[in-house]
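A.B. asks: Below is the structure I would like to discuss, written out as structure tokens.
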Amino acid sequence: VPTFSYARAVDVEDAVRRGSRPGVAYIAGGTDILNLLRDEAVTASSLVDLRSAAPARIAVNGAGATISAFATMREVADHPALGEQWPMLRAALLSGASAQVRNMATIGGNLMQRTRCWYFRDPGSPCNKKRPGSGCPAREGEHRWHSVFGASEHCVAVHPSDLAVALAALDGRITVRNAVAERTLGIEEIYRTPGDEPERDTTLGPGDLIVDVFVPRTALAASSSYVKVRDRASFEFALVSCAAALSIADGQVSDVRIALGGVAALPWRARAAEDYLRGRRPTAESFTACGARGTDGAQALPGNRFKMDLIPAVIMRALERAK
Amino acid sequence: MAARDGAISLLGLAPGAGAPGGQKPAGDVKAEPVTVNLTVNGTAYRVSCDATTTLLDALRDRLHLTGTKKGCDRGECGACTVHVNGRRVNSCLTLAVMNEGVEISTIEGVDLNPAYRCLLDAFVERDALQCGFCTPGQIMSALALIVDEERFSSPEEIREFMSGNLCRCAAYPNIVDAIRDSVAGVRGADV
């Protein structure tokens with residue numbers, strides 16, 4: 001591990017004041033940042049520990065659930081009221097990482113974790129995300145895990161968070177603090193496609209700190225599911241995942257959210273599929289036709305073309321389970 | 001949650017601290033020796049290490065508690081599993097300085113855990129190891145599974161919740177059987 005200094009933030013103001021300085025990285029669970037530093041994918045001269053900055057509260061009321069970004073994956077997955085009322089959140093969290101990592105990793109860190117693209121993580125490989133302009137070996141190389149939506153010539157990496165995909169289907173909102181102000185963003189607004197700046201995963205700036213996540217109580221949340229397909233049964237990132245949420249009234253789909261994971265640099269909303277399903281009856285036939293629209297706009301690479309078949313199948317299965 | 005009143009906060013350096021007038025580039029900060037107060041298996045230790053020292057390296061190289069194994073050193077294999085405040089964690093993915101004010105339990109202190117005897121007997125009875133390198137991590141992980149998490153209703157659930165512990169000898173079926181047996185034993189003993 002490269003050399004860095006360490007400090008504990010005493011509160012959120014202290015954290016964001018320290019975090020806005022150059023060379024500072026936040027640490028909470030530590031499960032991603034320490035590997036990023038070891039792999040030289042990220043450099044930092046100072047780590048600011050967030051775990052004493054704010055209590056890891058989870059509050060559920062009539063409007064929804066407010067989850068501290070400092071809560072661990074385990075604490076959120078084990079929360080009885082959250083699990084009862086937003087079962088998809090629990091399913092998404094338990095589908096990721098290992099029991100040990102879930103005991104450490106925090107919600108904010110889960111959302112801010114970096115891509116598992118092996119070129120990004122390999123110290124010896126060029127990568128436009130870690131060294132802009134150095135090139136992207138993934139397009140011509142190994143890209144089984146990589147993007148089929150929204151990539152650019154500079155980067156085809158995907159975001160690895162299951163939680164972000166679940167939140168995209170639940171209309172989740174993120175509260176971000178910095179030294180100047182606090183603001184609230186939709187979950188999809190914090191991420192960005194790589195474009196000409198693959199080094200920027202998110203729209204957040206230096207020192208910005210996610211302090212909590214809000215999940216509204218909606219009709220959609222009651223009928224939802226998370227389906228994840230991966231190369232092994234556990235402790236693995238998604239090849240394709242789907243968070244589906246359905247609202248059914250008078251025998252028709254009155255509203256729907258379909259968010260895909262493992263396919264883009266952000267949780268990818270399959271809007272053409274959603275638009276197709278709205279107003280239709282929730283049948284196997286309509287789910288099949290809906291799933292087929294899940295690849296609208298996709299551009300596969302030779303090594304991940306299988307995702308074009310996987311996406312419709314995963315959407316169908318998620319809709320069936322959500323129904 | 002770590003205590004916030006440890007001496008460690010004093011050691012935190014802003015970038016460029018000690019070098020007035022300029023930010024030091026990343027990776028150019030001198031390793032700061034730190035003293036960390038760790039409580040391991042009920043004993044308090046003062047450990048001299050660097051801010052960058054992982055809990056795993058502090059346990060093995062400073063405290064010579066080498067029962068905790070270093071496998072992948074990146075949170076994938078689980079050989080380094082220890083308990084922090086009763087919860088299992090990968091000691092390679094946390095810094096020693098982040099673990100002041102918490103109770104750390106390692107395989108060396110496992111006799112203190114009342115479920116251990118059942119688990120040990122079951123591992124022996126079921127031949128749940130071959131080379132044994134992963135076994136301290138398997139035991140620490142299984143203890144947390146049984147005592148802290150209670151995730152053992154089926155073999156499938158045990159496999160899922162033990163997926164953070166790799167066994168390159170692939171003794172997995174025997175490990176699952178041993179955990180099932182020890183759950184029955186722990187319940188029988190009313191632990």
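A.B. asks: Quick check on my filter: what residues within segment A:6-19 are under 27 Å from B:ASP57 (Cα atoms) and either charged (D, E, K, R) or in a strand (DSSP E or B) (or both)?
C.D. replies: Answer for segment A:6-19, where residues must be under 27 Å from B:ASP57 (Cα atoms) and either charged (D, E, K, R) or in a strand (DSSP E or B) (or both): A:TYR6, A:ALA7, A:ARG8.
A.B. asks: Would you check if there is a residue in segment B:136-144 being over 18 Å from A:GLN100 (Cα atoms), away from chain A (no Cβ under 12 Å) and not hydrophobic (A, V, I, L, M, F, W, C)?
C.D. replies: Looking through segment B:136-144, none of the residues is over 18 Å from A:GLN100 (Cα atoms), away from chain A (no Cβ under 12 Å) and not hydrophobic (A, V, I, L, M, F, W, C).
A.B. asks: Based on what the data block shows, is B:ASP121 surrounded by fewer than 16 Cβ atoms within 10 Å (Cβ to Cβ) and either touching a helix residue (DSSP H, G or I) at 6+ places or on another chain (Cβ under 6 Å) or within 14 Å of chain A (Cβ to nearest Cβ) (or both)?
C.D. replies: Taking the combined requirement at face value, the residue does not satisfy it.
A.B. asks: Does A:VAL76 count as out of contact with any Pro (no Cβ under 9 Å at 6 or more places or on another chain) and without any contact (Cβ under 8 Å) to a residue 60 or more places away in the chain?
C.D. replies: yes
A.B. asks: Run down A:THR3, A:THR43, A:THR31 and say which single residue is crowded, with 24+ Cβ neighbours inside 10 Å, within 7 Å of another protein chain (Cβ to nearest Cβ) and in a loop (DSSP other than H, G, I, E, B).
C.D. replies: After ruling out the rest, the residue left standing is A:THR31.
A.B. asks: Go through (1) small (Gly, Ala, Ser); (2) without any contact (Cβ under 8 Å) to a residue 12 or more places away in the chain; (3) facing chain B (nearest Cβ under 8 Å) and name the single condition A:GLY83 misses.
C.D. replies: Going through the list (1) small (Gly, Ala, Ser); (2) without any contact (Cβ under 8 Å) to a residue 12 or more places away in the chain; (3) facing chain B (nearest Cβ under 8 Å), A:GLY83 breaks only (3).
A.B. asks: What do you reckon, is B:LEU129 within 14 Å of chain A (Cβ to nearest Cβ), among the hydrophobic types (A, V, I, L, M, F, W, C) and more than 22 Å from A:LEU93 (Cβ to Cβ)?
C.D. replies: Considered against the rule, which asks whether it is within 14 Å of chain A (Cβ to nearest Cβ), among the hydrophobic types (A, V, I, L, M, F, W, C) and more than 22 Å from A:LEU93 (Cβ to Cβ), B:LEU129 comes out as no.
A.B. asks: Among the numbered criteria (1) open to solvent by 40 Å² or more (accessible area, probe 1.4 Å); (2) farther than 26 Å from A:PHE4 by Cβ; (3) at the interface with another protein chain (Cβ under 10 Å from one of its Cβ atoms), which single criterion is violated by B:GLY101?
C.D. replies: Looking at each condition in turn, B:GLY101 falls short on (2).
A.B. asks: Ok, one more. Taking the criterion of being touching an Asp or Glu at 6+ places or on another chain (Cβ under 7 Å) and either over 30 Å from A:ARG51 (Cβ atoms) or open to solvent by 20 Å² or more (accessible area, probe 1.4 Å) (or both), would at least one residue in segment B:147-155 satisfy it? Talk me through it step by step, then tell me what you get.
C.D. replies: First, pick out the residues of segment B:147-155 that are touching an Asp or Glu at 6+ places or on another chain (Cβ under 7 Å): B:151.
From what is left, the residues that are either over 30 Å from A:ARG51 (Cβ atoms) or open to solvent by 20 Å² or more (accessible area, probe 1.4 Å) (or both) are B:151.
Yes, segment B:147-155 contains a residue that is touching an Asp or Glu at 6+ places or on another chain (Cβ under 7 Å) and either over 30 Å from A:ARG51 (Cβ atoms) or open to solvent by 20 Å² or more (accessible area, probe 1.4 Å) (or both).
A.B. asks: Now for a separate question. For segment A:103-179, list the helices (runs of 4 or more DSSP H) that sit wholly inside it and hold at least 1 residues that are within 14 Å of chain B (Cβ to nearest Cβ) and crowded, with 24+ Cβ neighbours inside 10 Å; which are they? Working first, answer last.
C.D. replies: On the way: elements: A:107-112, A:118-121, A:162-169.
Answer list for segment A:103-179: A:107-112.
A.B. asks: From B:HIS64, B:HIS83, grab the single residue that is closer than 18 Å to B:GLY42 by Cα and open to solvent by 70 Å² or more (accessible area, probe 1.4 Å).
C.D. replies: The conditions single out B:HIS64.
The values are calculated or read from the model by the stated rules, or taken from the named source; none is laboratory data. On a predicted model such as this, the values are computed, not experimentally measured, just so you know. All Cβ positions, even for glycine, are placed from backbone atoms using ideal geometry, and neighbour counts span all protein chains on display. Calculation scope for accessible area: heavy atoms of the full protein, side chains included, ligands and nucleic acids excluded. Shrake-Rupley method; radii C 1.70, N 1.55, O 1.52, S 1.80 Å.
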